[in-house]
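Worksheet: the structure to be examined is printed underneath.
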Protein chains: 6
Amino acid sequence: MTRGFYIGRFQPYHNGHHTMVERIAADGEVDELVLGIGSAGNSHTVHDPFTAGERIMMVTNAVAEFDLPTYVVPIEDLDRHSVWVSHVQSMSPGFDLAYSNNPLVIQLFEEAGIEVRQSRMFDRERLEGSEIRERIIEGEQWRDRVPDVVVEVIEECNGVERLRTISQSDIVERWEATNGGCE
Amino acid sequence: MTRGFYIGRFQPYHNGHHTMVERIAADGEVDELVLGIGSAGNSHTVHDPFTAGERIMMVTNAVAEFDLPTYVVPIEDLDRHSVWVSHVQSMSPGFDLAYSNNPLVIQLFEEAGIEVRQSRMFDRERLEGSEIRERIIEGEQWRDRVPDVVVEVIEECNGVERLRTISQSDIVERWEATNGGCE
Amino acid sequence: MTRGFYIGRFQPYHNGHHTMVERIAADGEVDELVLGIGSAGNSHTVHDPFTAGERIMMVTNAVAEFDLPTYVVPIEDLDRHSVWVSHVQSMSPGFDLAYSNNPLVIQLFEEAGIEVRQSRMFDRERLEGSEIRERIIEGEQWRDRVPDVVVEVIEECNGVERLRTISQSDIVERWEATNGGCE
Amino acid sequence: MTRGFYIGRFQPYHNGHHTMVERIAADGEVDELVLGIGSAGNSHTVHDPFTAGERIMMVTNAVAEFDLPTYVVPIEDLDRHSVWVSHVQSMSPGFDLAYSNNPLVIQLFEEAGIEVRQSRMFDRERLEGSEIRERIIEGEQWRDRVPDVVVEVIEECNGVERLRTISQSDIVERWEATNGGCE
Amino acid sequence: MTRGFYIGRFQPYHNGHHTMVERIAADGEVDELVLGIGSAGNSHTVHDPFTAGERIMMVTNAVAEFDLPTYVVPIEDLDRHSVWVSHVQSMSPGFDLAYSNNPLVIQLFEEAGIEVRQSRMFDRERLEGSEIRERIIEGEQWRDRVPDVVVEVIEECNGVERLRTISQSDIVERWEATNGGCE
Amino acid sequence: MTRGFYIGRFQPYHNGHHTMVERIAADGEVDELVLGIGSAGNSHTVHDPFTAGERIMMVTNAVAEFDLPTYVVPIEDLDRHSVWVSHVQSMSPGFDLAYSNNPLVIQLFEEAGIEVRQSRMFDRERLEGSEIRERIIEGEQWRDRVPDVVVEVIEECNGVERLRTISQSDIVERWEATNGGCE
């Protein structure tokens, strides 16, 4: 039996992630997949708007359609790169290979002797998340970029309003950084 | 839709826990159940021998037999009782009622206005865990007290040997405490 | 009896804050007011130059002139937004409504079901703090922007010199960020 | 102007503490007194049942009767004795001498060159706290051992019930420790 | 080149540790030795009276007499056994084998695939530390149980007085635990 | 006997640091020197690529050529400026004066009453570190800017490759910051 590990912040889980999981399921390379929810303790910022609980709902419901047994595991940050792999390994069911396009993640896993599969798309998932959050804030169309179950979770937690309100804190901080001169 | 929350350290997940989940599934009181794995960051002590990843395997595999959708969520300690309920709520899919026999857990949930169902057995699950760990250490029979899938997980991670080795640290500490006089 | 809660970093406590407290005292909406000193563990940076102890002195002495019973409570950061409200509630005497213009604070309190009064001035207090710190660093006039007792506290702790010295660290960091290329 | 510093956990603030503050006020040795609430982040245990906010209420209301300006400051634990004095100094208005009977507190302050006044009663305040908590749990008389305002705070937060419920967790833990053999 | 790793709390460094290092130096099994000072952040308790800095002095000066290149490295606790080995590896020069009699340390290193040499003496070093601390407190003879340079460090930091003063806190805590009933 | 303290992040230890230590050794102002490795817990970022263990190797091997007894001590961040000096003092052998050009370090030491010697070069060591890291990333010449033993350590840990890989994470983050709009 082979188990894979795929980590993301999933803020939110979107079609880029979904395609990635679909391919992993189709490739037949692994029999089971662990989906690690990174920065699990973060929420209520523009960079990380959703709680771990909300993201567990998104991911669990979205991947249910694939014929691949999965585990969805929140991973809190320890803020110490040198122990990150051990931390992930202790929080997750054992895995044989990892999927990631994040250079830091790749470096850390490879220094620990864990095989990493990179996907073809250069960090597309990650950038996509950033764009979706901006679209939500700006009132542009975003619902077509995430699975339907993700739309439901975001609406149930009033995620659109939360993201817009929080982004105003960011605007003030940026104004300070630019004009306040000393921050 | 009603979702319940049942938290335990699951060190290991045993028949007492299993009976509890079985009843929840049979009662039909909830449509979904979140199983929170408490003290998720602890491992490799006599009190908490197994990692969160190992316990996720135990719980996920064991509850698969019930006809009840479940989420298995590790919850790391924040070491601050006053924010524990908020922490649990942010790490877990939303829930409507909690199951617990632990007086502290009951107190914290009730102060936060969350309904708690206590089961009939006074803390039997918890004491059972302690006894099973002792039986593993002492080489007595323990496999009949946990679901078969839990035996598999414990054997796969060499849990018996781990527990026995670690318990020797405990013996020394207790010797120090009793005879060393000043600790 | 109604108690209000007003949180700020108070770096330093200035006329904007003072006007806000004056209005709260005049409105008669609350019988008592808790002043929460945010990011209480931070000090010795350009963004947060003063210690909690120094800020307690500023705030306590400044609000003494109003005919409103107050509590001044330092609140250390937990770096986890999802439990921030619970944390504040455990550190503070119980309160019935909160005063804030910070969108994140408003969002967090409202998600927790706590009523928030926003004042008319869009984040003026906050920006004012940033400008006062810059004026102190640049050697411009700042004493007319804070209550007299705040001037005293800043002078007693050599705050002007501290802020100027520390701002040189910032200059180096910014030079690095701009020219060093890789930071 | 001379300012004193008196630290305690105040779980709860009782007549022993009150007598101590009364004497400090009567001695005229200090012009102002800071009351530091130790282990401010702890609550909901038998050893530390009350939150910092509840204890701020107890102390502030109780010392109001003395003719001595006071500051009531919660101090969270950093769990590192070597920096404890610096931590206290940064969280508190500056002070010239400290009052304590706790040998560790005395040692830490003296290593840092801060003068400590010990009172005549050998740790009576501290033991008194332990006994009061036990009396609350056992349903014995305790109200005559604390100032009236403290009774009010404890009743308002349902402290009696909280302490009794929590003490049941303790009973189980002690049973485990004694009989479970391996904890 | 082969490098070994030997960890202890060294509270204080004593003849048992010294004999261990002497043998490692004599065996010629390793070309260099890292001495890890465990629980480096702890100090000012009966269990851990000395700071990391004081212990660095003890160890560095004591091992100077052996003809073996050494590194003395304080290791702060992360309070998470599952990442302890990674933590140690990141804080220390790379090592090829470890020396320990502590069952937990042995277990953690072996799970991580690191070879551990156990010495013949069952945990003698550790118990010896406990006894020496007690002798210091009780005013019995202890100087013949540690290298001379360790005596110097302890005297220079007034360690005898520190340990005795701190032990009085312990006495009170034990009295509470036994008689107070509820702690 | 006089002991000095010189702190840096040493990412990596380079000729600027080396010249500084050389001068301290030549001046004869101190009999021993402690080299504190700051931000010891950080690694695997462009700002802090090397682990504490790798930096201990760099510094220890480099300063061996001087005729000055040294201690090399990793210092983990506590993220609280107000206790930083106490933290450093507890982790380090006692010292009588400090060497630094960092304005924040100077401010903190001077507020604590510790004498600081500033060197003539305005923060040259620090900027040099930034430039060396960039040169490693860009494939430009850097080996002539660090002692030979530092080249060896960096090559042994595959530091060049590590830094290049990690810098790609940075590029993505900066792209997000500039174009993503909302981060």
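The values are calculated or read from the model by the stated rules, or taken from the named source; none is laboratory data. No experiment lies behind these values; they were computed from the predicted model shown. Cβ placement follows ideal geometry from the backbone for every residue including glycine, while neighbour counts extend to all protein chains displayed.
Only one entry in F:Gly94, F:Gly159 is at pLDDT 95 or above and within 14 Å of chain D (Cβ to nearest Cβ), namely F:Gly94. All of (1) over 20 Å from D:Ser90 (Cβ atoms); (2) among the basic types (Lys, Arg); (3) surrounded by fewer than 22 Cβ atoms within 10 Å (Cβ to Cβ) hold for F:Arg80 with one exception: (1). The residues in segment D:7-40 that are surrounded by fewer than 23 Cβ atoms within 10 Å (Cβ to Cβ) and either of a type in the set (Ser, Thr, Tyr) or within 10 Å of another protein chain (Cβ to nearest Cβ) (or both) can be counted, and the count is 2. Scanning segment A:160-171 turns up no residue that is within 15 Å of the chain's Cα centre (by Cα) and either in a helix (DSSP H, G or I) or more than 22 Å from A:Glu32 (Cβ to Cβ) (or both).
Does E:Val63 satisfy the criteria of being surrounded by 20 or more Cβ atoms within 10 Å (Cβ to Cβ) and within 9 Å of another protein chain (Cβ to nearest Cβ)? Please lay out each step first, then the result.
On the way: surrounded by 20 or more Cβ atoms within 10 Å (Cβ to Cβ): yes; within 9 Å of another protein chain (Cβ to nearest Cβ): no.
So E:Val63 does not fit the description; no.
Summed over segment F:103-120, the residues that are surrounded by fewer than 20 Cβ atoms within 10 Å (Cβ to Cβ) and more than 10 Å from chain D (Cβ to nearest Cβ) give a count of 10. Can you name every residue in segment A:57-87 that is in a helix (DSSP H, G or I) and either of a type in the set (Gly, Ala, Ser) or touching a residue at least 40 places away in the same chain (Cβ under 8 Å) (or both)? Across segment A:57-87, the qualifying residues are A:Met57, A:Met58, A:Val59, A:Asn61, A:Ala62, A:Val63, A:Ser82, A:Ser86. Anything in segment B:45-56 that is touching a residue at least 60 places away in the same chain (Cβ under 8 Å) and charged (D, E, K, R)? List them, or say none. B:Glu54 - this is the single residue of segment B:45-56 that is touching a residue at least 60 places away in the same chain (Cβ under 8 Å) and charged (D, E, K, R).
Counting only residues that are at pLDDT below 95 and either in a helix (DSSP H, G or I) or on the phi > 0 side of the Ramachandran plot (or both), segment F:27-49 holds 2 of them.
Would you call B:Arg80 more than 14 Å from chain C (Cβ to nearest Cβ) and basic (Lys, Arg)? First the steps, then the outcome.
On the way: more than 14 Å from chain C (Cβ to nearest Cβ): no; basic (Lys, Arg): yes.
Criteria not met by B:Arg80.
Would you check if there is a residue in segment C:12-21 being more than 20 Å from D:Val73 (Cβ to Cβ) and aliphatic (A, V, I, L, M)? Within segment C:12-21, one or more residues are more than 20 Å from D:Val73 (Cβ to Cβ) and aliphatic (A, V, I, L, M).
Looking at F:Val88, F:Val151 in this structure, which one is under 16 Å from E:Gly53 (Cβ atoms) and either more than 7 Å from every other protein chain (Cβ to nearest Cβ) or modelled with pLDDT of 95 or more (or both)? Show your work before the answer.
Working: F:Val151 fails: under 16 Å from E:Gly53 (Cβ atoms).
Result of the check over F:Val88, F:Val151: F:Val88.
Of everything in segment C:120-135 that is modelled with pLDDT under 95 and touching a helix residue (DSSP H, G or I) at 6+ places or on another chain (Cβ under 6 Å), the residue that is nearest to C:Asn101 (Cα to Cα) is C:Asp123.
Looking only at segment E:66-77, residues that are among the acidic types (Asp, Glu) and within 14 Å of chain A (Cβ to nearest Cβ) come to 2 in all.
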